[in-house]
1. Hey, fewest Cβ within 10 Å first, where do 179, 107 land in order?
2. Would you give the gap between the C-alpha center of the range 171-197 and the C-alpha center of the range 38-59, rounded to a whole Å?
3. With the Cα gyration tensor of the range 2-131 giving a ≥ b ≥ c as the square roots of its eigenvalues, does the rule (a/c under 1.5 for rounded; else a/b larger than b/c for prolate; else oblate) give rounded, prolate or oblate?
4. So for each of 190-199, 25-34 I average, over its residues, the number of other beta carbons within 10 Å; can you give me the resulting order with the highest mean first?
5. Fewest Cβ neighbours within 10 Å first, please rank 123, 94 accordingly.
6. Test of understanding: ordering 86, 117 by Cβ neighbours within 10 Å, fewest first, what list do you get?
């Protein structure tokens, strides 16, 4: 009963109707979500009151009219707590940077296989920020001059360093847990400790510091 009540609501904004219907069908068939709704534009998105019930929004980055990044900014201003995954075909540097700066919680590539896409959504709902290692490294180049706490890396334990390395490679919480032979809750605990020690707020910032140390 508790599990059923905890099932999240998902809203998808995608202007290609075939893609929208396909993704909605995939998410509904998975049985992981209470409600899956969709629309084809940012204008319709804000006119449809269903977005107010969404726990996570999948947002196409290149929408007609108001684009995905502007839509993200307006959404976060209204509902800062909602999780948002950008939905894109290509990983353009300027769009990646703008979306993350605007508050995106991760990226979903349209070419991802269905199971990984579902796991990425679950990962984001659990507090993760699913993105490829390539995206993380591109963001690193944009933030190369960002100051960070001196000596903070030395506080990280070997196990926490292993978790951080897997995060930097784009692995989801579930994949990290399987790789290290630990539970997802233990992964979350390690990540919470990492954020505290590095004095960062999210996965992107932690990965940036980790990658910066390696360059």
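1. Values: 179 14, 107 24.
By the 10 Å Cβ count, ascending: 179, 107.
2. Here the two parts' Cα centres lie 31 Å apart.
3. rounded
4. Numbers: 190-199: 16.9, 25-34: 14.0.
Highest to lowest by the protection proxy: 190-199, 25-34.
5. 94, 123
6. Ascending number of Cβ neighbours within 10 Å: 117, 86.
Every number in this text was worked out from the coordinates using simple rules, so none of it is lab data. Quick caveat, the model's predicted, so the values are computed rather than measured. No Cβ is skipped: glycine too gets one built from the backbone with ideal geometry, and neighbour counts run over all protein chains shown.
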